[in-house]
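Participant: So that we are looking at the same thing, I have put the structure below in structure tokens.
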Amino acid sequence: CLDGSLPGYHLHRGYGSGANSWLIQLEGGGWCDTIRNCVYRKKTRRGSSTYMERQIPFTGILSNKAAENPDFFNWNRVKIRYCDGASFSGDSQNQAAQLYFRGQRIWSAAMEELMSKGMRYANQALLSGCSAGGVASILHCDEFRNLFSGYTRVKCLSDGGMFLDAMDVSGRRTLRRMFRGVVNLQGVRKNLPGSCTNRLNPTLCFFPQHLIGTVKTPLFLVNAAYDTWQVLASLAPPSADPRGYWSRCRKNHAYCTAPQINFLQDFRYQMLRALTSFSRSSKDGLFINSCFSHCQTERQDTWFAPVSPHIRNKGIAESVGNWYFNRGGAKAIDCPYPCDNTCHNLVFR
């Protein structure tokens, strides 16, 4: 991890028909793009296993109850903890600040460990991740596929990971600046796909919109069209809004003015445009709902519950399951806000 402590994971063994099926979940939790940020982070569970809980609840796609997770409940389910600050993709260090940027090595060591624990015998495997872990599941998708024989069904799922290289409310690119810091500080470039870096700047190759077209393994994207993390941290962060014009809207969409909603509608349009060719692919799937939320596969109320978000009468768990098991209907894009009354919209105080 960032502080030099050993990384970790949580494992819940599968049974019955799922004994040889494996679901790997890469934990999310933002990034650190400066020495100062990373030094702060290494004193938390996001940068050190010293601060990690020994046990965590497995809910949503990790639940072991058929009533909560009909397709994956009896699989071997693994949560790999996130403590490197670069979506499991850095490989560098800073001696002066005693920082270890070892994301790529953590990924490799975790895979080696899980293969030795029985994953090598998998007949089915799904690599998933949410937020920064959703970026990681895209970055490592083909590497994951290459661990297995051609007889294993291997697919990848990214939840809340479709971070866009979009302009913020001040006309600058806050997220691009942050990603540039992550890529440069943590030595990420060498671990980005050459199919992207040979035509684009490495910073742009950390954005999923430039990666999804290069992934050969089947990939499913679950994303809110008005992703709350992106609204808060990259579209209308306080640094881009010194007068606080966006302060109420970014915390609760009910307070957004008509011009602010128009700005957010344009963001949704940019996301759909970035997904145009991806949405035509027969092997890939997506569920883009018009909600103000972030990460919908890990929470029980959004993954699979009587009142979960739906698009055309299908929820997220059913859509992902239909795609994974080739049961049909793997593409769903919602109409624009405010047409969806099944959303679980996040509101911040």
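The values are calculated or read from the model by the stated rules, or taken from the named source; none is laboratory data. Given the structure is predicted, the values throughout are model-derived calculations rather than measurements. Don't worry about glycine lacking a Cβ; one is built from the backbone with ideal geometry, like all the others, and counts go over all protein chains shown. Just the protein is used for accessible areas: all its heavy atoms, side chains included, with ligands, DNA and RNA removed. Shrake-Rupley method; radii C 1.70, N 1.55, O 1.52, S 1.80 Å.
Participant: Only residues in the range 223-252 that are over 15 Å from Ser293 (Cβ atoms) count as the first member; pair them with residues that are in a loop (DSSP other than H, G, I, E, B) and of a type in the set (S, T, N, Q), Cβ under 6 angstrom, at least 6 apart or cross-chain, and list the lot.
Facilitator: Ala240/Ser170
Participant: State all residues of the range 271-309 that are within 18 Å of His210 (Cα to Cα), open to solvent by 50 Å² or more (accessible area, probe 1.4 Å) and not basic (Lys, Arg); if no residue qualifies, say none.
Facilitator: If the condition is that a residue be within 18 Å of His210 (Cα to Cα), open to solvent by 50 Å² or more (accessible area, probe 1.4 Å) and not basic (Lys, Arg), then Thr276, Ser277 are the ones that fit.
Participant: Additional query: Restricted to the range 197-213, and to residues that are touching a residue at least 60 places away in the same chain (Cβ under 8 Å), more than 27 Å from Ile261 (Cα to Cα) and of a type outside the set (A, V, I, L, M), which residue is most open to solvent (accessible area, probe 1.4 Å)?
Facilitator: Gly213
Participant: Look through Ser282, Ser293 and report the one residue that is small (Gly, Ala, Ser), within 18 Å of the chain's Cα centre (by Cα) and part of a loop (DSSP other than H, G, I, E, B).
Facilitator: Every option except Ser293 fails the conditions.
Participant: Collect the residues in the range 160-181 that are without any contact (Cβ under 8 Å) to a residue 12 or more places away in the chain and either open to solvent by less than 20 Å² (accessible area, probe 1.4 Å) or within 22 Å of Cys291 (Cα to Cα) (or both), keeping them in residue-number order.
Facilitator: Met167
So that you can scan it fast, the table gives a plain yes or no per residue for (1) free of Cβ contacts under 8 Å to residues at least 12 places away in the same chain; (2) out of contact with any His (no Cβ under 8 Å at 6 or more places or on another chain); (3) not aliphatic (A, V, I, L, M):
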residue: Asn262; (1), (2), (3): yes, yes, yes
residue: Met271; (1), (2), (3): no, yes, no
residue: Leu286; (1), (2), (3): no, yes, no
residue: Ile316; (1), (2), (3): no, yes, no
residue: Asn345; (1), (2), (3): no, no, yes
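Participant: Looking only at residues in the range 52-73 that are touching a strand residue (DSSP E or B) at 6+ places or on another chain (Cβ under 8 Å) and part of a loop (DSSP other than H, G, I, E, B), which one is most open to solvent (accessible area, probe 1.4 Å)?
Facilitator: Gln55
Participant: Could you list all residues from the range 228-263 that are crowded, with 23+ Cβ neighbours inside 10 Å and aliphatic (A, V, I, L, M)?
Facilitator: Within the range 228-263, Val231, Leu235, Ala236 qualify.
Participant: Just one of the numbered conditions (1) open to solvent by 10 Å² or more (accessible area, probe 1.4 Å); (2) closer than 21 Å to Leu275 by Cα is not true of Tyr324; which one?
Facilitator: (1)
Participant: Does Arg36 satisfy being surrounded by fewer than 18 Cβ atoms within 10 Å (Cβ to Cβ), over 19 Å from the mean Cα position of the chain (by Cα), outside any loop (DSSP other than H, G, I, E, B) and among the basic types (Lys, Arg)?
Facilitator: Yes: the conditions hold for Arg36.
Participant: What number goes with the only condition from (1) assigned to a loop (DSSP other than H, G, I, E, B); (2) under 30 Å from Gly194 (Cα atoms); (3) open to solvent by 10 Å² or more (accessible area, probe 1.4 Å); (4) among the acidic types (Asp, Glu) that Asp142 does not pass?
Facilitator: In the conditions (1) assigned to a loop (DSSP other than H, G, I, E, B); (2) under 30 Å from Gly194 (Cα atoms); (3) open to solvent by 10 Å² or more (accessible area, probe 1.4 Å); (4) among the acidic types (Asp, Glu), Asp142 misses (1) alone.
Each row is one residue, and each column tells you yes or no for (1) on the phi < 0 side of the Ramachandran plot; (2) in contact with a strand residue (DSSP E or B) (Cβ under 8 Å, 6 or more places away or on another chain); (3) part of a helix (DSSP H, G or I).
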site: Gly150; (1), (2), (3): yes, no, no
site: Cys156; (1), (2), (3): yes, yes, no
site: Ala166; (1), (2), (3): yes, no, no
site: Leu175; (1), (2), (3): yes, no, yes
site: Gly181; (1), (2), (3): yes, no, yes
site: Cys205; (1), (2), (3): yes, no, yes
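Participant: Moving on. Could you list all residues from the range 214-227 that are at pLDDT 95 or above and open to solvent by 10 Å² or more (accessible area, probe 1.4 Å)?
Facilitator: Val215, Lys216, Pro218
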